[in-house]
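Q: This structure is in C-alpha cells; I'll ask about it shortly.
Quick note: the coordinates plus some simple rules give every number you see, no bench work behind them. On a predicted model such as this, the values are computed, not experimentally measured, just so you know.
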Amino acid sequence: MSSAVDDHGMAAAANKSGTGLAMPALVALLLAAMVGSLSIGRYGVGLGDLTTLVLGWLGIGPGRAGVAEPVWRVVELVRVPRMLIGGFVGAGLALSGAVLQGVFRNPLVDPHVIGVSSGAAFGGVFAILLGLGAVALWSMAFAFGLAALLLVVVMSRKSGRSSILMLVLSGVVISALFSALVSLATYLADPNDTLPAIVFWLMGSFASATPERALYMVPIVAVFALPLLLMRFRINILSLGDEEARGLGLKVEPTRWLVLCCVTGITAASVANSGIIGWVGLVVPHFARSLVGPDHRRLLPASALLGASFMLLVDVMARSLIPAEIPLGVLTAIVGAPVFMVLLHRTHNEGW
C-alpha cells in the first residue's frame, strides 16, 4: 500500500513538473515564432540586422542607422504590424475557444458556435460591397458581430434564463442566417472588382496589416481578453455545470454573458481585421489542454501563447511557401484538421 501511494505521489509530482515546464516552453516557442515572423519572407532579414533594430527600439545601439533603409522599412512598417495583428488574432481565437469549450462543456465548440464569426463576416462583406474604407469595414464587422450575439440572446432566453442547449441551437440558427446573407452579398458583387476582394478577405489574410490597424486592433483584443484571464477560476466553476456553479455561489447568468460578450469582442475584432480564420479556436485549446491539463487557470494562458505562436508560424508559411500569398484560412484548415483528428483519437478514451 505504501509503495502504491509513493508511486502515485511520484507520478503526480512528475506530472506537475511537466506542466510547470510547459509554460516556459510555450513562451520560448512564441519568441522563436516572433523572430521567424520578422525575419522570414520574400525579403529575408538577417538575424544581425534584426538584433540591431530590436536593440535600437530598446535605446541600445544605432537602431535604424545600423541597417539599410529597405531593411528597417520592411521590418517596422510591414512585419511588426503583421506580427502584432497575427499574434493577437491567434491568441484571441485560441483563448476564446478554450473559454467556450469550458463554459459549454463541449470539446467541439469554438467561436463560430455563437454566430459571431458569421455576423462579423457579413458586416465586413457588406462594407466591401458598398465600397467603404478600412475603418468602416472594421466598424461594420464589429457591429454585426455584436448584433449576432444579441440575436442569440433574444432567441435563447426563456423565463429569464438561457440553457446551454438553447444557446448552441440559437448560435447555429444565427450563424446560418448570416452565412446566407454573406452568400447573397457575394452573388450581388461585381465579379470583376468587388467579388475577388470579398472572396480573398473571407479566406483570411494579414496582408492589409498596417501600423494604424495594429494600433486599433491590439488594444481592443487586449481589453476583451483581460477579463477572461481574470475570470479563470469562475470559468472553472462554470465548467462544472449550472447547478453546481449556483451551489457554489456563482451568479451563472451574468458571468456567462460577460464571458460571451468578451468572446464576441475578440472574435469580431479578429474577423474585422483578417477575415474568417477557422480551426484555431478548436484545435489549439485541445493541444494546450494536453500540455497543461484542464484547469483554466493554466489552460487559458497556455492557449493564448500557443495560439499566437501557431498563427505566426502559419502566416510565415502563407507568405513563404509559394510566390503568391496563400489565404490563412486554407492553411489553418490543412494543418488543423489532421492535428485535430490525431488529438481526437488520442483523447477519445481519456476524456478531455
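Q: Please work out the Cα center distance from region 274-301 to region 183-217, rounded to the nearest Å.
A: 27 Å
Q: Moving on to the next point. What helices does the chain have that are whole DSSP H segments, at least 18 Å long along their own axis by Cα, and with mean Kyte-Doolittle hydropathy of 1.0 or more? The partial results should precede the final answer.
A: Numbers: long enough: 2-39 (55 Å, 0.88); 80-103 (34 Å, 1.41); 116-129 (19 Å, 1.78); 134-156 (33 Å, 2.31); 164-188 (36 Å, 2.28); 211-230 (28 Å, 1.60); 252-274 (33 Å, 0.92); 296-318 (32 Å, 1.12); 328-347 (27 Å, 1.66).
Long hydrophobic helices here: 80-103, 116-129, 134-156, 164-188, 211-230, 296-318, 328-347.
Q: Next question, about the same structure. Going by a ≥ b ≥ c, the root eigenvalues of the Cα gyration tensor, does region 13-145 fall in the rounded group (a/c under 1.5), the prolate group (a/b larger than b/c) or the oblate group?
A: In terms of gyration-tensor shape, oblate.
Q: For the chain, what class follows from the C-alpha gyration tensor (a ≥ b ≥ c being the square roots of its eigenvalues): rounded when a/c is under 1.5, otherwise prolate if a/b is larger than b/c, else oblate?
A: Note, shape of the chain comes out oblate.
Q: Cα convex hull of region 206-297: mean projected area in nm², to one decimal?
A: Computed as one quarter of the Cα hull surface, the answer is 6.9 nm².
Q: Let me ask something else about it. Under the classification rounded if a/c is under 1.5, otherwise prolate if a/b is larger than b/c and oblate if not, where does region 58-206 fall, given a ≥ b ≥ c as square roots of the Cα gyration tensor eigenvalues?
A: Working: a/c = 3.15, a/b = 1.55, b/c = 2.03.
Oblate is the answer for region 58-206, as a/c is 1.5 or above yet b/c matches or exceeds a/b.
Q: Which of GLY293, GLY124, GLY56 moves the most in a Gaussian network model of the chain with Cα springs under 10 Å?
A: Ranking GLY293, GLY124, GLY56 by mean-square fluctuation puts GLY56 first.
Q: Consider just the alpha-carbon atoms of region 150-274 and return their Rg together with their Dmax, both in angstrom.
A: Gyration radius and largest Cα-Cα distance of region 150-274: 18.4, 60 Å.
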